1. So which residues in segment 68-97 are over 17 Å from Asp17 (Cβ atoms) and surrounded by 13 or more Cβ atoms within 10 Å (Cβ to Cβ)?
2. Check Ala162 against each of (1) out of contact with any Pro (no Cβ under 7 Å at 6 or more places or on another chain); (2) surrounded by 18 or more Cβ atoms within 10 Å (Cβ to Cβ) and name the one condition it does not meet.
3. Taking Phe221 as the residue in question, decide whether it is at pLDDT 90 or above, surrounded by 13 or more Cβ atoms within 10 Å (Cβ to Cβ) and within 13 Å of the chain's Cα centre (by Cα).
4. Among residues belonging to segment 236-259 that are modelled with pLDDT under 95 and of a type in the set (A, V, I, L, M, F, W, C), point out the one that is nearest to Asp127 (Cα to Cα).
5. Taking the options Ser74, Ser87, name whichever one is outside any loop (DSSP other than H, G, I, E, B), closer than 26 Å to Trp156 by Cβ and not hydrophobic (A, V, I, L, M, F, W, C).
6. Which residue is surrounded by the most Cβ atoms within 10 Å (Cβ to Cβ), if the candidates are limited to segment 241-259 and must be more than 17 Å from the chain's Cα centre (by Cα) and assigned to a strand (DSSP E or B)?
Amino acid sequence: MNAGQRRREELAAFLKDRRARADKASHGLPEVGRSRVRGLRREEVATLAGVSATWYTWLEQARDINPSRQVMLSLARLFRLSSVESSYLLSLAGHGEVDPEEPSAMTPALQRLLDVMNFPAFLLSTDWAIIGWNAEYAQLYPRITTVNVEDRNLLWLVFTDAQLREMLPDWEKQSRGFVGSFRAETRGWLSPSGESGIVARVSAASEAFASIWNERDVAGFQTGERVFRHPEKGLTTYEQHNLTPAEAPDLTLLMYTPL
């Protein structure tokens, strides 16, 4: 399946999910059947969005059509999507960021940047492979230096590595946040190596991940406090910051500054 078809399939699935979650009463529609208060029919969505029922059905069938930005925004308002969810919807419809032709790689300059930081920091690629880190991050998570290269992926480690899970006192909350953020970064899993790669692999290894992933929640990153069980310092509170290197816009620099 090519990237375009994968986007259409996810767009169809995302629309179906949000249509099933919609509150009929909020749109002034009567209940149908036995206490059916949630979920809209395709015809109802089409009418409310100002499009034909046939055209909207094609969207949910992942047909190769080109929905306009205006229609996508109309659907976002109809489904009461957040700004992050709306951006995600636009990306799926081809109105957002596109995958870089050549993924960026770790460079000596980026490693020097990591090394001058006196707090834990590491670099993620689009599929969340950890491609670089500094000594402070290795102190926080010692296994990063010995884990196999193919397993050196943040999503994989969060759901399969016992040491990393032990580091997170609020693992259940944080793991959900990781999944929502990863889905929001469409370039990371809708690329040719995305869902057929890391998502499929983690889904096969972790029922918890597979269940959360299928909920299709989308969450944007927000600067905030993160608490870790540091091997030497015990419970330690940091503030997480994410930056994008100018010379490598498809990479993400994560930093944990101590509070």
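1. Val71, Leu73, Ser74, Gly94, His95, Gly96, Glu97
2. It fails just one condition, (2).
3. So Phe221 does not fit the description; no.
4. Among those residues, the one meeting the criterion is Leu251.
5. After ruling out the rest, the residue left standing is Ser87.
6. Residue satisfying both the conditions and the ranking: Tyr256.
The values are calculated or read from the model by the stated rules, or taken from the named source; none is laboratory data. All values derive from a computational prediction rather than experimental measurement. Neighbour counts run over all protein chains shown; Cβ positions are idealised from the backbone, glycine included.
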